[in-house]
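What follows is one structure encoded as structure tokens, with my remarks underneath.
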Amino acid sequence: MDNWKGILNKISDYKFEIPQNYKSEMNTSGLIYISEAMVSSLRKDMAPDQVANVATLPGIVGSSLAMPDIHWGYGFPIGGVAAMDAEEGVISPGGVGYDINCGVRLLRTNLTVDEIKPKLRALVDAIFKNIPSGLGSKGKVRINPRQLDNVLINGAGWAVESGYGWEDDLKFMEEQGYMAGADPSLISYKAKRRGLPQLGSLGAGNHFLEIQTVDEIFDSSVAEVMGITKKDQIMVMIHTGSRGCGYQICDDQIRELGRFYQKDGNKFVSEQFKIELLDRQLVCAPVNSKPGENYFKAMKCAANYAWANRQMITHWIRQSFQEVLQTPPENLGLEVIYDVAHNIAKLEEHVLEGKRHKVYVHRKGATRAFGPEHPDIPIKYRSIGQPVLIPGSMGTASYVLVGTATAMDETFGSSCHGAGRVMSRHSAVNMFRTDNILNDLLRKGIYVKASSRKVVAEEAPQAYKDVDDVVEVVHGVGISKKVARMKPVGVVKG
């Protein structure tokens, strides 16, 4: 599509609709949260077409949604959100993605940038040394298959019980760091084999560990509840997921569900499920079918692995700070503000047309953004809403926001998850030189340590949308409210 302007109906400054008649198979409309300038930037990006394809899935309720970081993904667009009726809907691996529970965790400290500046390089180097990173990286801890099953069932709780972190950490994670009902017996030998050596590792691609400094506080009273008290305060952001274990679980499940579909002209048809798909990448199963239930249980295993992974990384970040600053972590702060999942499906209850409904909410490159007083929010945050963490890319800002009542009404309590790519990794490598990027960042006071020179070019800040513009959309439309903005001073890339 050369120009989506002729297709999208402008609802407001930050909302554009794909009308239900765009495709005859659509069961509902599509709704994209985006600015006018971003609509122009879509050009030949077919991600809006994916929004429309999602709207054809059986049992979808509300609109097929996309956040301002929208770009092309597998089946669902990245930035996509869709809720499926808990009785008549479907569940789709493409609505979660391959990196199941790729997510972000934010730690606060009592330190200021001036206090760590003399030892910034040593801190970044220590984190790089203590936390394995890069493609295929292996964790420092060796676990046996029985322990892995425990990880897949209990998530971050296993890590804390094993001495990796503090009991209070669990209070400040979605689902307290694990989803009940995970079933490791559904996980293939290959997925477990990939997961065994990688627990406690960062991985590659857009995953990162950042030492950040608070650049601006937009709402001091809300920020104070989170322990964000002043400009120049040091934060640590962790961005990683379920590694090869989650990727393989997704791949296995897509292959398993794909067996139920055959090509019929331009469609993919399942006689058993009575479902017709416009895109094979949307393979799905009814939520109450055995294949649908099995996918959900397997997905939970990967989600739990990711929470355990981020928990172990948190432990080694604390050790790195202690090692370099010669101060116990508890004296430095280093408390978890929150941990959010990006690629996940959840069974939730939402109000639709005045009535409460149970729905399976798919968030693919989107984050939960529950409003104030929701029972699933930690008690500490009930009065302000759930913290929403939006990472930038290496040299760009990251944000803390809070979820709102508007998000509950409009987006099933969802918001964006990051800046969103505008350039493929291949194009970025061809366009940007690693040395130029590193030198430019160093001039800005940002020290980067990477396991691969190639990944620095792939993740060049220019390969992404402007995170400030993306955040302005969700803030402006009211589905998240800005609390604080951080800028990186030290970065570890996989």
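Distance between the 7 Å Cα→Cβ label points at SER424 and ASP45: 1.6 nm.
Give me the number: length gained by fully extending HIS357 to GLU36, i.e. 0.36 nm times residue separation minus the C-alpha to C-alpha distance, one decimal in nm. Can you show the working numbers first?
On the way: separation 321, 0.36 × 321 = 115.56 nm, distance 3.31 nm.
The span from HIS357 to GLU36 would gain 112.2 nm if fully extended.
With a 10 Å radius around each residue's Cβ, average the other Cβ atoms per peptide and rank 149-161, 416-428, highest first. Don't jump to the answer; show the numbers that get you there.
Details: 149-161: 23.4, 416-428: 20.9.
Order by mean packing, descending: 149-161, 416-428.
Pairs LYS290/LYS493; LYS230/LYS454; LYS138/LYS171; LYS192/LYS482: which are spaced more than 30 Å apart, C-alpha to C-alpha? Please list the in-between numbers first.
Numbers: LYS290/LYS493 40 Å; LYS230/LYS454 36 Å; LYS138/LYS171 28 Å; LYS192/LYS482 40 Å.
Pairs exceeding the cut-off: LYS290/LYS493; LYS230/LYS454; LYS192/LYS482.
If only the Cβ of Lys and Arg carry +1 and only the Cβ of Asp and Glu carry -1, the dipole of the chain around its Cα centre is close to 1540 debye.
Maximal additional length on extending the ASN436-SER185 stretch stands at 85.5 nm, based on 0.36 nm per residue less the C-alpha distance. Straight Cα distances below 20 angstrom link LYS267 to the lysines LYS23, with same-chain residues fewer than 8 positions distant left out.
Peptides 342-353, 169-180, 375-386 ranked from most to least packed by the mean count of surrounding Cβ atoms within 10 Å: 169-180, 342-353, 375-386.
Suppose every K and R has +1 on its Cβ and every D and E has -1 on its Cβ; what is the size of the dipole of region 127-264 about the Cα centre, in Debye to the nearest 20? Value, rounded to 20: 1020 debye.
With neighbour counts taken as other beta-carbon atoms within 10 Å, the residues ILE217, ILE11 rank, fewest first, as ILE11, ILE217. As a calculated quantity, the FRET efficiency between ASP13 and LYS230 at R0 = 30 Å, using C-beta atoms, amounts to about 0.35.
Taking N as the residue count of region 399-485, its C-alpha radius of gyration divided by 2.2 N^0.38 Å amounts to 1.35.
Would you please put 241-250, 457-466, 272-281 in order of how densely packed they are, using the mean number of other Cβ atoms within 10 angstrom per residue and starting with the highest? Could you put the intermediate results ahead of the total?
Details: 241-250: 27.6, 457-466: 21.3, 272-281: 16.9.
Taking the mean over residues of other Cβ atoms within 10 Å, the ranking is 241-250, 457-466, 272-281.
In terms of other Cβ atoms within 10 Å, LYS449, LYS10 run from fewest to most in the order LYS10, LYS449. Applying both filters, DSSP loop and at most 15 other Cβ atoms within 10 Å, to the GluC sites (Glu not before Pro) of region 67-148 gives GLU87, GLU88.
Hey, fewest Cβ within 10 Å first, where do HIS357, HIS207 land in order? Let's see the in-between values first.
Details: HIS357 16, HIS207 24.
Least crowded to most crowded, the residues run HIS357, HIS207.
Whole percent per 20 Å bin, from 0 to the bin with the longest distance: what is P(r) over all C-alpha pairs of the chain? Result returned by the calculation: 25, 60, 15, 0.
Here, each number is a calculation from the coordinates, and none is a lab measurement. Computed from a predicted structure; not experimentally measured. Note that we place each Cβ from the backbone using ideal geometry, even for glycine, and neighbour counts take in every protein chain shown.
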